[in-house]
Structures are given as C-alpha cells and as structure tokens.
C-alpha cells in the first residue's frame, strides 16, 4: 500500500460509515429508533469485513465500487448481532467499544427492534441496488442468509452460550467460532472474489483462505482478552475469564494459542500464494489482522 496501513484503514472506514449513515438517514422511521440504530453504527467499528471484501475484489482486478451494497448489508448484520449479543439475555454487557451498549443507552425493547430492523433492511440494501444483476443479487442474498442465519452466525452464538461454564475441546471451540465469527468473514472474502468474476476453482481456494482468516481473527481476539489494553480493545480485559468462557488461551495456554494461530497463518499464506495474492494488499491486511492490538 502506498499510504500507511492505518491511514488506509481509516479512510476505508470513513467511506463505509458514510454509506451506512446515508442509507439509514434516508429511511422513514421514528426518530428515537433511528437514533438507536445510528448510535450502534457510529460506535467506531473497524469495518474490517467490508475492507476484506474490497481488497479481495481489488486483488483479482474487479470493480471495487460493486462491493458497497453487499458490504453495507454485511455491516448492518454485524451491527445487529452486536446489539443483540450485548443484551441481558445473552452476554449482558454494559460497554461496547468503550461506549454504553445500546440497551443501556436506550432500553431493551428499542435495542431489540434496532437489531431486528438492521437485519431485515440489510437485504433491502442488496435488492434495491442497481449495481447488481438479478442473478448476482440472488447469489449474494443466498450466501448472506446462510452466513448469518441458523446454519451460520446464529448457530455459533447459540453454541457459544451453551458452552459457558462447560469444559469443551479445542475442536468444539473451533466449531463454534467457524460459525459465530468465521462465516461473516468468509462471506466478505467470497463475495469479493465473486464480484471480481473469479473461476469456481479459485473461489473454492478463496473460501479456504477465508475459513483460516475467521479462526485467526477469533484466536487473536481471545489473546487480546488476556494481554490487550482496555483503551485499545474497548472492553474490559479478562472479561472472558470472568464469564468463565472457553477460549483458545484457556484451553491451550497463552503461548499455545499463539502457536496454534501461527499454524493457521501459515496455511492462510499458502492459500494466498496459490491465488497469486501473496504480494497483494489483501495479504498485508491479513497479516495485520493476525497481529492487531485492538
């Protein structure tokens, strides 16, 4: 990248945030509900999934403008999941990214409805776009529904809740996070390749790379919960331990988790080499995600 990675990410985040705000602000909805939705959208998300989508598309020479409706829809679903995860019935969190969680800032009913609205309207963003053909819309919606629904993120969240206060194996933990965290990351990378019209063979290899990225992302999250800085990660360090949640460090130890992550980083790089992307911007971002401190 010609610019520093941090300035690049900041600019990309601004572009995604502007597109999200523009979509929400033009909707005809009650003011307080809109305020609740925008509160969580503007909470400072890294927008890494849209950036992964864009850099994947760019790496294969695709038109990066085409990623925005799918990327906005993805971030709306990601934001809805965070609002609902924070609720008392689930993680019961008070802070998210250093700010009061939605249900603490507003109330539980408003938070639930804000999440419901983000989920439902995410598909409208895709269907109303003039950048996609009908077949592209169908493909993107199909993949997004599977990634976020009962066979994807929702199942992963349920399994994660059921695993609390339980002793689980590393294989069971990995299954949880392949669904809860990995599926939306996989969606971002797969759609980036799809919109660049890559071959079916390359799309399969790209999905393998995406699977590795999802696991790497979660392992690093777990590592940061042990040794991260609260000001950077936006939540209390040690919250997983306090909630008696199974994590990679709790099962493997901190150094074991780092070694386990490196194995996936190596496999991820093998995929990038096979895709001829090892020197592309997507490879730089992948390394950043593996080593990030927030």
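Criterion first (buried (at least 22 other Cβ atoms within 10 Å of the Cβ), within 27 Å of residue 6 (Cα to Cα), touching a residue at least 24 places away in the same chain (Cβ under 8 Å) and under 19 Å from the mean Cα position of the chain (by Cα)) does residue 101 satisfy it?
So residue 101 does not fit the description; no.
From 142, 85, grab the single residue that is closer than 27 Å to residue 42 by Cβ and either surrounded by fewer than 22 Cβ atoms within 10 Å (Cβ to Cβ) or in contact with a strand residue (DSSP E or B) (Cβ under 9 Å, 6 or more places away or on another chain) (or both).
From the options 142, 85, the qualifying one is 85.
Would you check which residues across the stretch 273-288 are in contact (Cβ under 8 Å) with a residue 60 or more places away in the chain and under 17 Å from residue 62 (Cα atoms) and list them?
275, 277, 280, 281, 282
If I filter the stretch 28-35 for residues that are part of a loop (DSSP other than H, G, I, E, B) and either touching a residue at least 60 places away in the same chain (Cβ under 8 Å) or in contact with a helix residue (DSSP H, G or I) (Cβ under 7 Å, 6 or more places away or on another chain) (or both), do I get at least one hit? Please lay out each step first, then the result.
Going residue by residue through the stretch 28-35, those that are part of a loop (DSSP other than H, G, I, E, B) are 28-30.
Pick out the ones that are also either touching a residue at least 60 places away in the same chain (Cβ under 8 Å) or in contact with a helix residue (DSSP H, G or I) (Cβ under 7 Å, 6 or more places away or on another chain) (or both) and you get 29.
Yes.
Could you tell me which numbered condition residue 137 fails, if it satisfies all but one of (1) in contact with a helix residue (DSSP H, G or I) (Cβ under 7 Å, 6 or more places away or on another chain); (2) touching a residue at least 12 places away in the same chain (Cβ under 8 Å); (3) part of a helix (DSSP H, G or I)?
Answer for residue 137: the failing condition is (2).
Would you check if there is a residue in the stretch 193-205 being within 20 Å of the chain's Cα centre (by Cα), touching a residue at least 24 places away in the same chain (Cβ under 8 Å) and over 30 Å from residue 258 (Cβ atoms)?
yes
Only one of (1) assigned to a helix (DSSP H, G or I); (2) under 18 Å from the mean Cα position of the chain (by Cα); (3) at pLDDT below 95; (4) over 18 Å from residue 144 (Cβ atoms) fails for residue 6. Which number is that?
Here residue 6 meets the rest and fails (2).
Pairs needed: first member in the stretch 140-153, free of Cβ contacts under 8 Å to residues at least 24 places away in the same chain and at positive phi; second member anywhere, in a helix (DSSP H, G or I) and surrounded by 16 or more Cβ atoms within 10 Å (Cβ to Cβ); C-beta distance under 6 Å; at least 6 residues apart or different chains.
Listed by first residue and then by second, the contacts come to nothing, as the list is empty.
Of all residues being assigned to a helix (DSSP H, G or I) and in contact (Cβ under 8 Å) with a residue 24 or more places away in the chain in the stretch 16-27, which is farthest from the chain's Cα centre (by Cα)? Just the residue, please.
Step by step, filter the stretch 16-27, then rank; the result is 23.
Within the stretch 270-280, which residues are surrounded by fewer than 18 Cβ atoms within 10 Å (Cβ to Cβ) and assigned to a helix (DSSP H, G or I)?
Correct list: 270, 273, 274.
Mind checking which residues of the stretch 55-90 are within 17 Å of residue 111 (Cα to Cα) and in a helix (DSSP H, G or I)?
75, 76, 77, 78, 79, 80, 81, 82, 83, 84, 85
Name the pairs whose Cβ atoms lie under 7 Å apart, with the first residue in the stretch 60-74 and free of Cβ contacts under 8 Å to residues at least 40 places away in the same chain, the second in a helix (DSSP H, G or I) and surrounded by fewer than 24 Cβ atoms within 10 Å (Cβ to Cβ), and 6 or more positions between them or separate chains?
Once the first residue is free of Cβ contacts under 8 Å to residues at least 40 places away in the same chain and sits in the stretch 60-74, its partners that are in a helix (DSSP H, G or I) and surrounded by fewer than 24 Cβ atoms within 10 Å (Cβ to Cβ) give 64/58.
Restricted to the stretch 158-171, and to residues that are over 22 Å from residue 89 (Cβ atoms) and in contact (Cβ under 8 Å) with a residue 24 or more places away in the chain, which residue is surrounded by the most Cβ atoms within 10 Å (Cβ to Cβ)? Explain how you work it out, then say what you get.
Step one: filter the stretch 158-171 for residues over 22 Å from residue 89 (Cβ atoms), giving 167, 169-171.
Okay, now just the ones that are also in contact (Cβ under 8 Å) with a residue 24 or more places away in the chain, so 167, 169-170.
Numbers: 167: 9, 169: 10, 170: 14.
Here the answer is 170.
The values are calculated or read from the model by the stated rules, or taken from the named source; none is laboratory data. In this text the structure is predicted, and so the values were computed from the model without any measurement. Quick reminder, even Gly has a Cβ in these numbers, built from the backbone with ideal geometry, and neighbours come from all protein chains shown.
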